[in-house]
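For reference, the structure discussed in these notes is given below.
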Ligand code: THU
């Protein structure tokens, strides 16, 4: 299954009653496994989580640690890019050359390297 199709499927499960803005994310690991996430909002607004965060959590819970490719999708006039926090979360498991495809439900898309989305990502000072 394409990453875009996986992200579109996950987006359908988004819980976004407060913003009305559903987002889907899918990532592929180095071994080819695909994990997905959707945004999960909360009545206590700051407790909501992004689609990318959900996909990363699913990957880690399954025992994987390396992201090879990312796709996010929303129903927006132009592709949306991951928020700053999610760029940092992706950088925990993805190198700067990992492609991040940002797509719309209508079919537009743009792909950028994670390193261009988050230059000088903070790296562990503890050698992890
Ligand atoms: N959101 C994501 O899930 N991923 C992004 O890359 C940007 C924003 C969500 C958070 C919130 O539930 C909604 O979109 C509106 O900001």
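One equal scatterer on each Cα of the chain, no solvent, Debye formula: the resulting log10 I(q)/I(0) at q = 0.14, 0.18 Å⁻¹ is -0.55, -0.92. Against the chain, whose longest principal axis comes from its Cα atoms, helix 51-61 is set at around 50 degrees. Axis angle, to the nearest 10 degrees, between helix 84-93 and the longest C-alpha principal axis of the chain: 50 degrees.
Each value in this text was obtained by applying a stated rule to the coordinates, not by laboratory testing. What you are looking at is a predicted structure, and each value in this text was computed from that prediction instead of being measured.
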